[in-house]
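Below is one structure, written out as structure tokens; comments come after it.
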Amino acid sequence: MTEKKSLWTKIAFALAIAFFYLPIVYVVFFSFNSSRSLNNFTGFSLQWYQKMFENRTMMESIYYSTIIAVIATLVSTVIGTVAAIGLSKSSKLVKESITQINNLSMMNPDIVTAIGLMLFYTSLRMEAGFGTLLLAHIIFCIPYVMLSVTPKLKQLDDNIAEAALDLGCTPFQALTKVIIPQIKEAIFSGALVAFTMSFDDFVISYFVTGPGVNNISTYVYSSVKRINPSVNALSTIIVLAITIILIIMNVVPMLKERKKKNEKIA
Amino acid sequence: MKKLIEFRNIVKAFGSQVVLKGINLDIFENEFVTLLGPSGCGKTTLLRILGGFLSQDSGEVILDGKEISNVPAYQRPINTVFQRYALFPHLDVFDNVAFGLRIKKMSEDLIKPKVERMIALVGLEGFEHRDVSMLSGGQQQRVAIARALVNEPDVLLLDEPLSALDRKLRVEMQQELKRIQQEVGITFIFVTHDQEEALTMSDKIVVMRDGVIQQIGTPLEIYNTPNNRYVANFIGNSNIVDGTMKKDYLVRFDDREYECVDFGFKPNEPVDVIIRPEDIRILPPNQGKINGQVLSVLFKGVHYESIVETRRGASKTVILHVVENRDTFNKEANEKINATDFTVDIEDVKNLTNEDLIARANAQAWIPESEEDISIASVENGLKEESGSYPVTFKTAKGTSITVNVNVVKPIVSEDAKYQIGIQAFDVYKTVDEIRESMAISVDLRTWADAYAWELDTQKEVMIDDVRFDFEPNEIVAGDYPVTFLTEGRTWKVHTTEKQEEDTAVSLDFGPDDIHVMHKEVLS
Amino acid sequence: MKGFRRLAYPYVVWAVAFVVIPMLLVLIYAFTTRGNAVLTFRFTLANFARFFSDKIFLSVLLRSLKIALVTTIVCILLGYPVAYAISRFSPNNQAFCILLVTIPMWINMLVRTYAWRGILLDTELSPELKVYIGMVYNFLPFMILEVYTSLSKMDPNLSVAAADLGCNNRQVFTKVILPLSIPGVLSGITLVFLPAVSSFFIPKLLGGGSFVLIGNLIENYFVTTGDWNFGAAISLIMTIIILISMYFTRKFDYTEEERA
């Protein structure tokens, strides 16, 4: 009975995983294709990688995606963390209103947020380009940082800030020496979410960016009309990068844990 | 002794709720002061005002002769031990303790010996580099104390610091705190709701209630001569009864007059009389002041606590009619049905729904072989809002039916005028099986009879304390049985060193100076 | 410490400026005539009248709703068993399996959808079916994660207690586990239905140019045609439909909670 049960759960899971990884494997495989075909493997070649590195727009898109994600993450993490700390001590009305606005921002279909920002920029006669793109990314990343930091703040001892003041900290010292060190993991995971949201974003970027400024998503979208196997090579690079990052993220804590354990034994 | 802190007319409100109603309090150097009261009495608010975490709406806080209301928390020479310690989990024990000194930019050479001395004072040597989250509650407590004291404050505030500890540790920490306070020689202000903590540690206790100070005094004063019933109740395990002060040195309670040592009351003033359990002696019957019966005896560690009843409570006796099971079998439909008579309050008749009737009569129908339940499809109800006996018929869809008698009665209230207690209950009709299957017969009888008691003047519900009957529920046969419901009478807690026997007749004795008479509280 | 609440004020201003005002602009554009809407304010309902009087627009709307609905249902039917399967594994394996489900989500959605384009290129499948595959592929992980979270939060003693009270395996599932995991399914529905209704790159990449959903309409009117007022009106209509469907999902959630 249990045997049978565990078998069907394993099969269900395996099918799902196969479905999820099929296109990834496919893309990696065909990035080494020697012909332009997207579904007929004619032989091994690295030409699409070479073409990718030679393609300036493509390389720029990687650059823009990265630089925007990095800056948007840094800025939104600072703003989001400070705002979340302030909010945790605010009156219920302010807290509720901001939570609602943040929910609106996160739950709104991306396309609506995107056209809203586009209209906003136009009304202010801001020229679409790198600046508008970056600002948009900061705007939509902040709620995710707050979403990650707020629960951790709730868990803190109610008196923790007071204890710091009691021991002679100025309010600013209480913030930097006591509160932030205690929520740094939540801040970090908020930053991580912000980074992925920014790096992955297509819809908002598509509407708010200007001529000559493409990130990976908008580049892939614009090159969809022609068949361009270099995109496969680009995808493979991304898959590789993500895999490395994920391995580091999951293995490093594990090693740390082991080190801690060893220390304890010693 | 020098006056260190003065609270002058402190008022504080949160929204419309006034939590401090004009507090005046002086605290001296090197005193161990306890603010005692239940949660919501304002004690923590007062402490937080002194710490600088809240500001009062009006009034002055004076420290060492200077008004400090505008001094921010981090500039006051005051440190706090918080309720759940508020230790910094990202720092180890040493760094937690050193925190305040480092903020003051003291050099590490000076910090090290100071911190080590403090860690030694609280008995945590060897724990310097432990993670604070790995420490036990008691150890965390010690870190919090060391972290505050290392700053050499003029005053240490402790906000219910022992409430999170288990009992044994709490007692240990009480002694520890007292020792530390004597060693460092500064003022401790301690907030608690635990009277035992207050009594064992304090030089001075401040009893608070609803933002008002009820009494300020030494533990002995508070214990022996409480100002009012509230303080007496809060501070210990006492016998408090209503009485009348006939004249100076003569008080009347429970229908007798007693000599006492109190004076200065108006003639015939209603008062509260308190006699501590340890001040009462137990003697053989008729040799003491009041006769009674030992209800129960509990061993309390060093003494026995006996409950002696000197007067029975109000009572009401009803008849329990036990009838044979009367399952009716309908052969054609192959259904059985069953229900019992019951009594109902005339006032309730108009509100009875069919569901109520089914429940009260315990009407059930079922298929004999499978015991599968069948629902009651209809109820024929001939009830009138007049005293009398009326038929009620329950029917299933297939026509199996049973008729029971419902007795509509006016509630008969027994009033005990002397003790101002009313009690009522109704006769009960039950089948043999229902009695035998009851898992908690006393509780069921109370429910079935709808027994209820109340104070005549306030209408407040009084617990029905005892249900007395004279049958063995498991072996009951059809017949009528008296059942008596009783409220609690006058009982006295008595602490003795020798064990008393339960159910024996005794007599209680106490002297004039064992009686303490207090003014009735004026409810604001 | 009350002083810290001042730290929230700049963000209050920020949120109003960059979140609330852009939303209001969408609203204003939807109800005004063509031109610079903020300066030359002219109220009109013409944009909505145009949308609802044209059969083509309505059929696009209906098609979008149908695609989103079917996608959501398929995601529940596929996602629930997978989430349930994961929740039956040992705790260590569960963490690993969840990681396996999350990894693809880290890779750019566009890139993954582009990959499907290659796979489906020469197949005989209809554009609609291709779009379904793309949608389910992109949104299924959300459903799995939401359902899994609600299943894993459940006290394991509940199933034991239910069995103790006489439930057989099937009853344990239908009477205890399923009802308690409904909130997870509902938040999964929100996470699937919402982006599915508004998606425009999945139909564009997989459905070919002729397969138009409401997201593509909005894109067209903003990017190609430049009729922003009409585009804003369409997105407002879409938002309202989403709000209504979310309201009903939430309401269902609350009644579930009340019953529990």
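The values are calculated or read from the model by the stated rules, or taken from the named source; none is laboratory data. Owing to the predicted nature of the structure, the values given are computational and were not obtained by experimental measurement. Every residue, glycine among them, receives a Cβ derived from its backbone with ideal geometry; neighbour counts consider all protein chains shown.
Taking the stretch C:61-89 on its own, how many of its residues are over 19 Å from the mean Cα position of the chain (by Cα) and more than 7 Å from every other protein chain (Cβ to nearest Cβ)? Lay out the reasoning, then the answer.
If we filter the stretch C:61-89 for residues that are over 19 Å from the mean Cα position of the chain (by Cα), which is where we start, we get C:81-82, C:84-89.
Adding the requirement that they be more than 7 Å from every other protein chain (Cβ to nearest Cβ) leaves C:84, C:87, C:89.
Qualifying residue count for the region: 3.
So the check is Cβ under 8 Å with 6+ separation or different chains; which pairs have a first residue in the stretch C:90-107 that's at the interface with chain A (Cβ under 10 Å from one of its Cβ atoms) and a second one that's among the polar types (S, T, N, Q)?
Matching pairs, first to second residue: C:L99/A:N250; C:I103/A:T243; C:W106/A:T196; C:I107/A:S235.
For the stretch B:308-318, which residues satisfy the criterion of being of a type in the set (A, V, I, L, M, F, W, C) and modelled with pLDDT under 90?
Within the stretch B:308-318, the subset of a type in the set (A, V, I, L, M, F, W, C) is B:308, B:314, B:318.
Correct list: B:A314, B:V318.
Is it the case that C:R42 is modelled with pLDDT of 85 or more and more than 30 Å from A:Q100 (Cβ to Cβ)? Before the answer, list the steps.
Details: modelled with pLDDT of 85 or more: no; more than 30 Å from A:Q100 (Cβ to Cβ): yes.
Against the criterion (modelled with pLDDT of 85 or more and more than 30 Å from A:Q100 (Cβ to Cβ)), C:R42 does not qualify.
Kindly check whether there is at least one residue in the stretch A:242-254 that is touching a Ser or Thr at 6+ places or on another chain (Cβ under 7 Å) and more than 9 Å from chain C (Cβ to nearest Cβ). Quick ask: steps written out before the conclusion?
Taking the stretch A:242-254 first, the residues touching a Ser or Thr at 6+ places or on another chain (Cβ under 7 Å) are none.
No - not one qualifying residue is present in the stretch A:242-254.
For the stretch C:61-83, how many residues are buried (at least 20 other Cβ atoms within 10 Å of the Cβ) and either within 26 Å of C:N216 (Cα to Cα) or at pLDDT below 90 (or both)? Spell out the reasoning first.
Within the stretch C:61-83, the subset buried (at least 20 other Cβ atoms within 10 Å of the Cβ) is C:61, C:64, C:67-68, C:71-72, C:75, C:79-80, C:82-83.
Narrowing further to those that are either within 26 Å of C:N216 (Cα to Cα) or at pLDDT below 90 (or both): C:61, C:64, C:67-68, C:71-72, C:75.
Counting residues in the stretch C:61-83 that are buried (at least 20 other Cβ atoms within 10 Å of the Cβ) and either within 26 Å of C:N216 (Cα to Cα) or at pLDDT below 90 (or both) gives 7.
Among B:L63, B:L47, which is the only one that is within 14 Å of chain A (Cβ to nearest Cβ), within 16 Å of A:D166 (Cβ to Cβ) and not charged (D, E, K, R)?
Working: B:L63 fails: within 14 Å of chain A (Cβ to nearest Cβ).
Answer to the check: B:L47.
Could you tell me whether the stretch B:341-359 includes any residue that is out of contact with any helix residue (DSSP H, G or I) (no Cβ under 8 Å at 6 or more places or on another chain), polar (S, T, N, Q), within 28 Å of B:E488 (Cα to Cα) and crowded, with 16+ Cβ neighbours inside 10 Å?
yes
Going by the structure shown, is A:V203 of a type in the set (A, V, I, L, M, F, W, C), in contact with a helix residue (DSSP H, G or I) (Cβ under 6 Å, 6 or more places away or on another chain) and either surrounded by fewer than 22 Cβ atoms within 10 Å (Cβ to Cβ) or closer than 30 Å to B:K104 by Cβ (or both)? Before you say what the answer is, go through the steps one by one.
On the way: of a type in the set (A, V, I, L, M, F, W, C): yes; in contact with a helix residue (DSSP H, G or I) (Cβ under 6 Å, 6 or more places away or on another chain): yes; either surrounded by fewer than 22 Cβ atoms within 10 Å (Cβ to Cβ) or closer than 30 Å to B:K104 by Cβ (or both): no.
No: the conditions fail for A:V203.
Considering B:Q195, B:Q182, which residue is touching a residue at least 12 places away in the same chain (Cβ under 8 Å) and either surrounded by 19 or more Cβ atoms within 10 Å (Cβ to Cβ) or within 22 Å of B:L121 (Cα to Cα) (or both)? Spell out how you get there, then give the answer.
Numbers: B:Q182 fails: touching a residue at least 12 places away in the same chain (Cβ under 8 Å).
Just a single option satisfies the conditions, and that option is B:Q195.
May I ask you to list the residues in the stretch A:20-38 that are farther than 18 Å from A:T243 by Cα, at the interface with chain C (Cβ under 7 Å from one of its Cβ atoms) and not in a loop (DSSP other than H, G, I, E, B)?
Start the filter on the stretch A:20-38 by keeping residues that are farther than 18 Å from A:T243 by Cα, which leaves A:30, A:32-38.
Pick out the ones that are also at the interface with chain C (Cβ under 7 Å from one of its Cβ atoms) and you get A:30, A:38.
Within the stretch A:20-38, just A:F30 meets the criteria.
Just one of (1) under 20 Å from the mean Cα position of the chain (by Cα); (2) under 30 Å from B:K104 (Cβ atoms); (3) more than 10 Å from chain C (Cβ to nearest Cβ) trips up A:A84, so point out which.
(3)
Take the residues in the stretch A:89-139 that are of a type in the set (S, T, Y), more than 16 Å from C:A15 (Cβ to Cβ) and touching a residue at least 40 places away in the same chain (Cβ under 8 Å), then tell me which one is farthest from the other protein chains (Cβ to nearest Cβ).
A:T132
Name the residues in the stretch C:170-221 that are of a type in the set (F, W, Y) and under 18 Å from C:I56 (Cα atoms), would you? Write out each step before concluding.
Just the residues of the stretch C:170-221 that are of a type in the set (F, W, Y), to begin with: C:173, C:193, C:200-201, C:211, C:221.
Result: C:F200, C:F211, C:Y221.
Mind telling me which of the residues B:A359, B:A397, B:A333, B:A365 ends up being farther than 30 Å from B:D255 by Cα and free of Cβ contacts under 8 Å to residues at least 12 places away in the same chain?
Details: B:A397 fails: free of Cβ contacts under 8 Å to residues at least 12 places away in the same chain; B:A333 fails: free of Cβ contacts under 8 Å to residues at least 12 places away in the same chain; B:A365 fails: free of Cβ contacts under 8 Å to residues at least 12 places away in the same chain.
Selected residue: B:A359, the only one of B:A359, B:A397, B:A333, B:A365 that is farther than 30 Å from B:D255 by Cα and free of Cβ contacts under 8 Å to residues at least 12 places away in the same chain.
Which residue, of B:D356, B:D327, B:D345, is within 24 Å of B:F469 (Cα to Cα), of a type outside the set (A, V, I, L, M, F, W, C) and in the same structural domain as B:Y481 (by TED's automatic domain parsing)? Steps first, answer last, please.
On the way: B:D356 fails: within 24 Å of B:F469 (Cα to Cα); B:D327 fails: within 24 Å of B:F469 (Cα to Cα).
Just one listed residue meets the conditions, B:D345.
Does at least one position in the stretch C:109-123 carry a residue that is over 23 Å from A:I238 (Cα atoms), within 11 Å of chain A (Cβ to nearest Cβ) and touching a residue at least 40 places away in the same chain (Cβ under 8 Å)?
Quick first cut of the stretch C:109-123, residues over 23 Å from A:I238 (Cα atoms) only: C:122-123.
Of the ones still in play, those that are also within 11 Å of chain A (Cβ to nearest Cβ) are C:122-123.
Add one more test, that the residue is touching a residue at least 40 places away in the same chain (Cβ under 8 Å), and what stays is none.
No, the stretch C:109-123 contains no residue that is over 23 Å from A:I238 (Cα atoms), within 11 Å of chain A (Cβ to nearest Cβ) and touching a residue at least 40 places away in the same chain (Cβ under 8 Å).
What are the residues in the stretch B:213-241 that are within 15 Å of B:V517 (Cβ to Cβ) and among the hydrophobic types (A, V, I, L, M, F, W, C), if any?
Result: B:V231, B:A232, B:I240, B:V241.
Taking the conditions exactly as written (touching a Leu at 6+ places or on another chain (Cβ under 9 Å) and touching a residue at least 40 places away in the same chain (Cβ under 8 Å)), does B:L121 satisfy them or not? Quick ask: steps written out before the conclusion?
Values: touching a Leu at 6+ places or on another chain (Cβ under 9 Å): yes; touching a residue at least 40 places away in the same chain (Cβ under 8 Å): yes.
Here the answer is yes, as B:L121 does meet what is asked.
Which residue pairs have Cβ atoms under 7 Å apart, sit 6 or more places apart or on different chains, and have a first residue in the stretch C:172-201 that is within 21 Å of C:L158 (Cβ to Cβ) and away from every other protein chain (no Cβ under 12 Å) and a second that is of a type in the set (G, A, S) and surrounded by 23 or more Cβ atoms within 10 Å (Cβ to Cβ)?
As it stands, the answer is C:G188/C:G79, since those pairs meet every condition given.
Checking A:W8 against (1) over 20 Å from C:I107 (Cβ atoms); (2) surrounded by 13 or more Cβ atoms within 10 Å (Cβ to Cβ); (3) within 13 Å of chain C (Cβ to nearest Cβ), which test does it fail?
Checking A:W8 against (1) over 20 Å from C:I107 (Cβ atoms); (2) surrounded by 13 or more Cβ atoms within 10 Å (Cβ to Cβ); (3) within 13 Å of chain C (Cβ to nearest Cβ), the one that fails is (2).
Could you check how many residues of the stretch B:293-330 are free of Cβ contacts under 8 Å to residues at least 60 places away in the same chain and either at positive phi or in a strand (DSSP E or B) (or both)?
Of the residues in the stretch B:293-330, 3 are free of Cβ contacts under 8 Å to residues at least 60 places away in the same chain and either at positive phi or in a strand (DSSP E or B) (or both).
Look through the stretch B:472-510, keep the residues that are free of Cβ contacts under 8 Å to residues at least 60 places away in the same chain and not acidic (D, E), and return whichever of them is surrounded by the fewest Cβ atoms within 10 Å (Cβ to Cβ).
Here is the first cut: in the stretch B:472-510, the ones free of Cβ contacts under 8 Å to residues at least 60 places away in the same chain are B:472-475.
Then keep just the ones that are not acidic (D, E); that gives B:473-474.
Numbers: B:P473: 16, B:N474: 10.
Filtering the stretch B:472-510 for residues that are free of Cβ contacts under 8 Å to residues at least 60 places away in the same chain and not acidic (D, E), the one surrounded by the fewest Cβ atoms within 10 Å (Cβ to Cβ) comes out as B:N474.
Does B:D450 satisfy being among the acidic types (D, E) and under 29 Å from B:T491 (Cα atoms)?
Details: among the acidic types (D, E): yes; under 29 Å from B:T491 (Cα atoms): yes.
So B:D450 passes the test.
Of the residues B:V207, B:V132, B:V143, which single one is in contact (Cβ under 8 Å) with a residue 12 or more places away in the chain, under 25 Å from B:D26 (Cβ atoms) and surrounded by 21 or more Cβ atoms within 10 Å (Cβ to Cβ)? Quick ask: steps written out before the conclusion?
Values: B:V132 fails: under 25 Å from B:D26 (Cβ atoms); B:V143 fails: under 25 Å from B:D26 (Cβ atoms).
Within the list B:V207, B:V132, B:V143, the selection yields B:V207.
May I ask you to list pairs of residues, at least six apart or on different chains, whose Cβ atoms are under 9 Å apart, with the first in the stretch B:69-82 being more than 9 Å from every other protein chain (Cβ to nearest Cβ) and the second being hydroxyl-bearing (S, T, Y) and not in a strand (DSSP E or B)?
Short answer, once both residue conditions are applied: B:S69/B:S55; B:N70/B:S55.
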